[in-house]
Amino acid sequence: MDTDWILINNYKFPVTVLGPEERVVVWTQGCSIRCNGCMSKHTWSFDILKSINIKILVNKLKKFNSSSITITGGEPFDQKNFFYFLQELRNSGFNDILVYSGYTYEF
């Protein structure tokens, strides 16, 4: 799989429970953390059949005519090309980007 692909379980619009107001939500496919009590165990496997070209995905998401998006999982940061995906979203007009992750970020 080249650098322009990402594993996605699903996407929906409108969703009102995974962030403020109506937004697009993308569920990534694949998770190495596998938290106890996870409600999305069906997204744990790294299933290559769930791959999609990032530019094609972003074009599909833009059709919802929203600038707000939530990305959850699976584990978004387990995606090799996740930061490229975020940049493509930002370049396409998504200016409210929320990411749910099981990783911690320290600065």
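The values are calculated or read from the model by the stated rules, or taken from the named source; none is laboratory data. What you see is a predicted model; the values in this text were computed from it and never measured. Cβ coordinates were reconstructed from backbone atoms using ideal geometry, including for glycine residues, and neighbour counts include every protein chain displayed. These area figures cover heavy atoms from the full protein model, side chains too; ligands, DNA and RNA do not enter into them. Shrake-Rupley method; radii C 1.70, N 1.55, O 1.52, S 1.80 Å.
Using a 1.4 angstrom probe with every protein chain in place, what is the largest-first accessible-area order of Glu106, Glu75?
Glu106, Glu75
Projecting each Cα onto the charge dipole of the chain (Lys/Arg +1, Asp/Glu -1 at the beta carbon, about the Cα centre), which of Ser101, Ser68, Asn9 comes out farthest on the positive side?
Positive-end residue among those listed: Asn9.
Kindly report the accessible area of the chain per residue (heavy atoms of protein chains, probe 1.4 Å, no ligands, DNA or RNA), in Å².
61
Compute, for the stretch 18-66, the length of the dipole vector about the Cα centre, with Cβ point charges of +1 (Lys, Arg) and -1 (Asp, Glu) only. Units Debye, rounded to 20.
160
Hey, got the dipole for the stretch 32-90? About the Cα centre, +1 on K and R Cβ, -1 on D and E Cβ, debye to the nearest 20?
Charge dipole, the stretch 32-90, about its Cα centre: 220 debye, nearest 20.
Run the count for the chain, please: Lys pairs, Cα-Cα under 19 angstrom, 8 or more apart or on different chains.
11
Pairs of Cα atoms under 8 Å, at least six residues apart: use those to get the relative contact order of the stretch 47-107, whole percent.
45
Which one, [x] 16.9, 60; [y] 13.8, 41; [z] 13.1, 36, gives Rg and Dmax of the Cα atoms in Å as derived from the coordinates shown?
[z]
Can you give the FRET efficiency for Arg90 and Lys12, using 1/(1 + (r/R0)^6), R0 = 25 Å, r = Cβ-Cβ distance, to the nearest 0.05?
Given R0 = 25 Å and the Cβ-Cβ separation, E is 0.75.
Once you have the Cα-Cα distance between Cys38 and Phe64, take 0.36 nm times their residue separation minus that, and quote the gain in nm to one decimal.
Taking 0.36 nm per residue and subtracting the Cα distance, the gain is 6.5 nm.
If I compute solvent accessible area with a 1.4 Å probe over the protein chains, what percent of it on the chain is carbon and sulfur?
So the carbon and sulfur contribution to the accessible surface is 52 percent.
I need two numbers for the stretch 55-107: Rg to one decimal and Dmax as a whole number, Cα atoms only, in Å.
Expressed in Å, the Cα Rg and Dmax of the stretch 55-107 come to 11.5, 35.
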